[in-house]
Amino acid sequence: MTTPILFDCDPGHDDAIALVMAHRSPAIELLGVTTTCGNAEVEKTTANALRVLDFIGARDVPVAAGCHRPLARPLVLGTADGPSGLEGSPYLPPPSRGPIAQHAVDFLAERLLGAPEPLTVVATGPLCNLGLLVLKHPEVLPRIRRLIWMGGVFYRKSEIITPTEFNAFCDPEALRLVLDARLPITMVGLDVTMQVLIEAPHYAELAAIDTPLGRLVHDWLRFYEKLHRNSMGVGGAMHDPLALALAIDPSLVRTRPAHIAVELAGTTTFGATVADFWRERGEDDNAQIAHEVDADRFFKLMFDLLRESPA
């Protein structure tokens, strides 16, 4: 059986790899892609999604552009992916088409309402589009079977100065709206994504995939690694591919339920995701937090899907 999904993203190198995996996996039916600001301005992330889909022969997958800024504050761009959001791939052609005319939020609502069964939504960027969906189309929220979101951090040091994670930091108000909507959300944060790091053995395996796609992904990861290696001394983390992989195989991670609050006013803790595992605040659980990952099985899945003939 295949899992039909809607994929909300801000490509971004790791979003782009997740997008490839979503299209190539026989376990997934990719119904559509929506884009938001985050790793770059939404015009660039939209073009990047279209470029990737064109390259892998997925021109039939509709792409809808979404929010150009967070819901309640100016846009702060990510830094890992370069000015275009997808640096390191000079031979990736420009897109052959544009996005559909419909705004991403209305596209999501239409697809959710029109599906015969509730759908899985995978989100790998700031939750601008999902937050606006909560405000504009609350009637469609029961049509979300599960929301898998790459975001948050709970146990370990993050990659930026505040104890948060970029997708949460970029639009914490949208995250608060989504959490308050009590959607069935699985949060795939840095606690697990920093356990799936691309290091030398993985580059050797990737180099053996001597195809246009293999070479493209190799170039993406070499660029993407620079920030991680220079600032943290580790290889690039497969944040978004891991979140997407849970739509294929949820057993890759273990999760814990908790009530998640989002810090909106802190001077040194702005954007932090704060987990209450013991209901000390008297609030019911509103998320499942991924805390342990089978990294070996994840990498096997990812590399199988990147090969010319996915296993």
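Brief remarks follow.
- (i) 47, 43, 40; (ii) 55, 44, 39; (iii) 52, 50, 39, with the label sought being that of the calculated Cα extents along the principal axes in Å: (ii)
- Per-residue [θ]222 nm for the chain (sum of -39500 (n - 2.57) over DSSP H runs n ≥ 4, rounded to 500): -11000 deg cm²/dmol
- Equivalent ellipsoid semi-axes - Cα gyration tensor, the stretch 1-120, angstrom: 22, 18, 12
- Relative exposure of Asp285, Asp240, judged by other C-beta atoms within 10 Å (fewest first): Asp285, Asp240
- Reducing the stretch 56-121 and the stretch 277-310 to their Cα centroids gives an inter-centroid distance of 23 Å.
- Within the chain, DSSP assigns beta bridges of which about 30% are antiparallel (rounded to the nearest 5).
- Cβ-based exposure ranking for Thr120, Thr36, in which fewest neighbours within 10 Å come first: Thr120, Thr36
- The listed peptides 187-199, 84-96, ordered by packing as a protection proxy, come out as 187-199, 84-96 (highest mean of other Cβ atoms within 10 Å first).
- Ascending count of other beta-carbon atoms within 10 Å, so fewest first, for Asp180, Asp284: Asp284, Asp180
Every number here is computed from the coordinates shown, using simple stated rules; none is lab data. Note that the structure is predicted; figures quoted are calculated from it, not measured. No Cβ is skipped: glycine too gets one built from the backbone with ideal geometry, and neighbour counts run over all protein chains shown.
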